[in-house]
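Novice: My questions all concern the structure below.
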Amino acid sequence: MEEPLCCCEYVDRRGQRNHLAACCCDCEDLDEGCERSLPPGALGRIADTVADRVRVPWFAGAVKINVSLVPPLLLLPVFLHVAALHFLLGLVILTSLPVVVLWYYYLTHRRKERTLFFLSLGLFSLGYMYYVFLQEVVPRGHVEYSQVVALTCGLILMLAALSRAKTDPGYLPVPASGEKSLHQGLPSKSVRGSSNGLHASGAASGRAVNGEAQGYARVSAEEPEGVKKDWCARCQLVRPARAGHCRLCGRCVRRLDHHCVWINSCVGERNHQAFILALSFFMLTSVYGITLTLHTVCGGRTPFVALFYCPGAYSDYSSALSFTCVWYCAIVTAGMGYILLIQLLNISYNVTEREARLALRDNTGRRLLGGLVIDTGQYNRGFLCNWGHFLSLGSSSPQRSAEDIV
């Protein structure tokens, strides 16, 4: 029987027992790569080896740290403190940060890679802004105790909603091997295979329902005949209406809206409400914190005026850091506000981000409100009915009437 791992030991990617003290030794991948002048694949092996050795001691053995978690923890405080040194530095850094984040987003999106960078950046930004507020703003005496409690409660509620949004978005169970072999024999005329869940034809196509069918993985007599089916070649199952396959998660999700990098998870039938709630709490908490900080630093001016005209903001380093963090929060809040606006409009027209994207690609939707929302017309039943349908998502036995049939 093998001895248990000590706090500094771990099992590496080769399945061998290793120690943190030996992380700089036994560099076979590095030696091999250098000796052969970095042949194809050597850089990947070196990166995998380095990532495998980034660990911290823990009780049951050294725990591996995802490398994408580290950059926000190190770079964000450095950038904000440098930006607080001078107005021009702040202008350059606060302009560059969104560009860098967007560039990294498109890079990972193109490679179809999952990363914890954005989740780490979001959570650490919340924690660090709250820390700066308590350390630099509250001691000035302009913020009341009740206001600090209100801001803290808003932050806790937002984190609770975010935790709920991180749960199962509504993954469709992967069928067993026997069911997979059954579906592999389905005739192509009945169901046309599609890894992205874009098409269905023949006997498997039909009229859609304002909500998802309860069945999956096989055509059953219990399902309505008019329910539109969609075959997923990757998951080897028949999806109900409005379900989609996420390329990043590798799973099919009921009523898939989109894959959100900020929570590193899909937004679907079971967590869409919590996602909207988390965005709403974030907006309220962020705007409230910005208002309190500007009122303290900028001498009682209205928040909008103080954001652009705050004499003395750089008179001392504490005020400069607080003002820089306010602008950072304002930029993030504007981006999240846009996401929340699009989400609310989509809910009002009962369309998901995935459906809007496919409608644009196939030229089957109408651009409304200056292109902010794409109305497919397939599930739209009016403002109140659409919101009633959204608020009933995830219920165990949703009630459907004949009016739901498209």
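Novice: In segment 360-371, which residues are more than 24 Å from His245 (Cβ to Cβ) and either open to solvent by 60 Å² or more (accessible area, probe 1.4 Å) or aromatic (Phe, Trp, Tyr) (or both)? Please lay out each step first, then the result.
Specialist: Applying the first criterion (more than 24 Å from His245 (Cβ to Cβ)) to segment 360-371 yields 366-371.
Once the filter is applied, which keeps residues that are more than 24 Å from His245 (Cβ to Cβ) and either open to solvent by 60 Å² or more (accessible area, probe 1.4 Å) or aromatic (Phe, Trp, Tyr) (or both), segment 360-371 yields Arg366, Arg367, Leu369, Gly370.
Novice: Give the residue, chosen from Leu69, Leu38, Leu91, that is over 19 Å from Leu321 (Cα atoms) and either charged (D, E, K, R) or modelled with pLDDT of 70 or more (or both). Steps first, please.
Specialist: Details: Leu38 fails: either charged (D, E, K, R) or modelled with pLDDT of 70 or more (or both); Leu91 fails: over 19 Å from Leu321 (Cα atoms).
The conditions single out Leu69.
Novice: Also: Could you identify the single residue in Ala150, Ala161 that is within 14 Å of the chain's Cα centre (by Cα) and at pLDDT 95 or above? It would help to see each step written out before you state the result.
Specialist: Details: Ala150 fails: within 14 Å of the chain's Cα centre (by Cα).
Step by step, each of Ala150, Ala161 is checked, and only Ala161 is within 14 Å of the chain's Cα centre (by Cα) and at pLDDT 95 or above.
Novice: Out of (1) in contact with a Gly (Cβ under 9 Å, 6 or more places away or on another chain); (2) within 30 Å of Val138 (Cβ to Cβ); (3) open to solvent by less than 20 Å² (accessible area, probe 1.4 Å); (4) not small (Gly, Ala, Ser), the odd one out for Val332 is which?
Specialist: Val332 satisfies all of (1) in contact with a Gly (Cβ under 9 Å, 6 or more places away or on another chain); (2) within 30 Å of Val138 (Cβ to Cβ); (3) open to solvent by less than 20 Å² (accessible area, probe 1.4 Å); (4) not small (Gly, Ala, Ser) except (3).
Novice: Of everything in segment 291-304, what is at pLDDT below 90 and either assigned to a helix (DSSP H, G or I) or of a type in the set (Val, Ile, Thr) (or both)? Give them in sequence order.
Specialist: Thr302, Pro303, Phe304
Novice: Residue under question is Val326, and the condition is that it be of a type in the set (A, V, I, L, M, F, W, C), over 16 Å from the mean Cα position of the chain (by Cα) and part of a strand (DSSP E or B); does it hold? Talk me through it step by step, then tell me what you get.
Specialist: Numbers: of a type in the set (A, V, I, L, M, F, W, C): yes; over 16 Å from the mean Cα position of the chain (by Cα): yes; part of a strand (DSSP E or B): no.
Here the answer is no, as Val326 does not meet what is asked.
Novice: Turning to a different aspect of this structure: Consider segment 332-364. How many of its residues are in contact with an Asp or Glu (Cβ under 6 Å, 6 or more places away or on another chain) and without any contact (Cβ under 8 Å) to a residue 40 or more places away in the chain?
Specialist: At the first step, the residues of segment 332-364 found to be in contact with an Asp or Glu (Cβ under 6 Å, 6 or more places away or on another chain) are 349, 352-353.
Filter once more, keeping what is without any contact (Cβ under 8 Å) to a residue 40 or more places away in the chain: 349.
Residues flagged as in contact with an Asp or Glu (Cβ under 6 Å, 6 or more places away or on another chain) and without any contact (Cβ under 8 Å) to a residue 40 or more places away in the chain within segment 332-364 amount to 1.
Novice: What number of residues within segment 84-120 satisfy the criterion of being touching a residue at least 60 places away in the same chain (Cβ under 8 Å) and within 30 Å of Tyr309 (Cα to Cα)?
Specialist: 8
Novice: Identify the residue in segment 139-169 that is over 30 Å from Tyr317 (Cβ atoms) and assigned to a loop (DSSP other than H, G, I, E, B) and, among all such residues, is least open to solvent (accessible area, probe 1.4 Å).
Specialist: Pro169
Novice: Given Glu113, Glu136, Glu179, which one is at pLDDT below 90, acidic (Asp, Glu) and either in a loop (DSSP other than H, G, I, E, B) or surrounded by 18 or more Cβ atoms within 10 Å (Cβ to Cβ) (or both)? Outline the logic, then answer.
Specialist: Values: Glu136 fails: at pLDDT below 90; Glu179 fails: either in a loop (DSSP other than H, G, I, E, B) or surrounded by 18 or more Cβ atoms within 10 Å (Cβ to Cβ) (or both).
Within the list Glu113, Glu136, Glu179, the selection yields Glu113.
Novice: Return the pair list, or none, for Cβ contacts closer than 9 Å from residues in segment 51-62 that are farther than 9 Å from Tyr10 by Cα to residues that are polar (S, T, N, Q) and part of a loop (DSSP other than H, G, I, E, B), at least 6 apart or on different chains.
Specialist: Here the result reads Ala51/Asn66; Val54/Asn66, each pair linking segment 51-62 to a residue that is polar (S, T, N, Q) and part of a loop (DSSP other than H, G, I, E, B).
Novice: Please go through segment 67-113 and give me each residue that is farther than 22 Å from Thr333 by Cα, of a type in the set (Val, Ile, Thr) and touching a helix residue (DSSP H, G or I) at 6+ places or on another chain (Cβ under 7 Å), ordered by number.
Specialist: The answer is Val67, and nothing else.
Novice: With the checklist (1) under 16 Å from Ala241 (Cβ atoms); (2) basic (Lys, Arg); (3) at pLDDT 90 or above in hand, flag the one item Arg357 doesn't pass.
Specialist: (1)
Novice: Related question: Would you check if Arg381 is basic (Lys, Arg) and touching a strand residue (DSSP E or B) at 6+ places or on another chain (Cβ under 7 Å)? Before the answer, list the steps.
Specialist: Details: basic (Lys, Arg): yes; touching a strand residue (DSSP E or B) at 6+ places or on another chain (Cβ under 7 Å): no.
For Arg381, the condition - basic (Lys, Arg) and touching a strand residue (DSSP E or B) at 6+ places or on another chain (Cβ under 7 Å) - is not met.
Novice: Related question: Please verify whether Leu248 is assigned to a loop (DSSP other than H, G, I, E, B) and either touching a strand residue (DSSP E or B) at 6+ places or on another chain (Cβ under 6 Å) or crowded, with 20+ Cβ neighbours inside 10 Å (or both), treating the condition exactly as stated.
Specialist: Yes; evaluated as a whole, the condition is true for this residue.
Novice: Kindly provide the set of residues from segment 256-290 that are within 14 Å of Gln343 (Cα to Cα) and in a helix (DSSP H, G or I), ordered by number.
Specialist: Passing the criteria: His272, Gln273, Ala274, Phe275, Ile276, Leu277, Ala278, Leu279, Ser280, Met283.
The values are calculated or read from the model by the stated rules, or taken from the named source; none is laboratory data. Because the structure is predicted, anything quoted here is derived from the model rather than measured. So basically every Cβ, Gly included, is an ideal-geometry build from the backbone, and we count neighbours across all protein chains shown. With ligands, DNA and RNA removed, areas are computed over all heavy atoms of the protein, side chains included. Shrake-Rupley method; radii C 1.70, N 1.55, O 1.52, S 1.80 Å.
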